[in-house]
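The values are calculated or read from the model by the stated rules, or taken from the named source; none is laboratory data. None of these values were measured; they are calculated from a predicted model. We place every Cβ from the backbone using ideal geometry, glycine too, and count neighbours over all the protein chains shown.
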Amino acid sequence: MSEVINKINNDAEARMKKSLDTLKSGLEKIRTGRANVGLLDQVSVEYYGSRTPLSQVANIGVADARTLTVSPWDKAMVQAIEKAIMESGLGLNPVTSGQMIRVPLPALTEERRKELGKVVRKEGEEAKVAVRNVRRDAMQHLKDALKKKLISEDEDKRAEDATQKQTDRFVAEIDKLVAAKEQELLAI
């Protein structure tokens, strides 16, 4: 294979791996029953006109196995943080006591487990879309290289096949991660 094809394939591999890593970290945040400060990582709050991650405007701690605590650094942020947690789609209802926000984690009901299963599948689908977008970009780069006569038609065909196999491998890995997380949710 030519250097151009290797460069395109290596770039695609790296970007697909990044999508997979993003999915892994996203799935880790979906709770399975225990309080974990990572649960609130995806929550962002309106702070002086811009969206800011919660961890950059407050201390997040674990009070006990089923309760998180959030202590805003700016006391005026209590209401905004409470609203951001409620609107995060995590199914959490924060309780404010003075400057401290307590976030009790409800027990996982069968209904909540099914909801979380939907969230897991949605995350998996988003990761697949990201991987397919990388494939599309790689295929476009190959077509451009073919037009510029940097690679032959045979090399282009082989490279497209390799890119498709790479995509299939990552999609299968995503399916495996999603299935494992769904089993974990249902096992508790």
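Key figures for this structure:
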quantity	calculated
Those residues of the stretch 144-175 which are part of a loop (DSSP other than H, G, I, E, B) and closer than 18 Å to ASP11 by Cβ, in sequence order	LYS148, LEU150, ILE151
Those residues of the stretch 57-86 which are more than 14 Å from VAL45 (Cα to Cα) and crowded, with 20+ Cβ neighbours inside 10 Å, in sequence order	LEU68
Sole residue being of a type in the set (Asp, Glu), on the phi < 0 side of the Ramachandran plot, over 21 Å from the mean Cα position of the chain (by Cα) and surrounded by 13 or more Cβ atoms within 10 Å (Cβ to Cβ), chosen from GLU155, GLU115	GLU155
Checklist (1) more than 24 Å from VAL43 (Cα to Cα); (2) surrounded by fewer than 19 Cβ atoms within 10 Å (Cβ to Cβ); (3) modelled with pLDDT under 90 applied to ASP137, failing item	(3)
Flag if LEU142 is buried (at least 18 other Cβ atoms within 10 Å of the Cβ) and closer than 30 Å to TYR47 by Cα	no
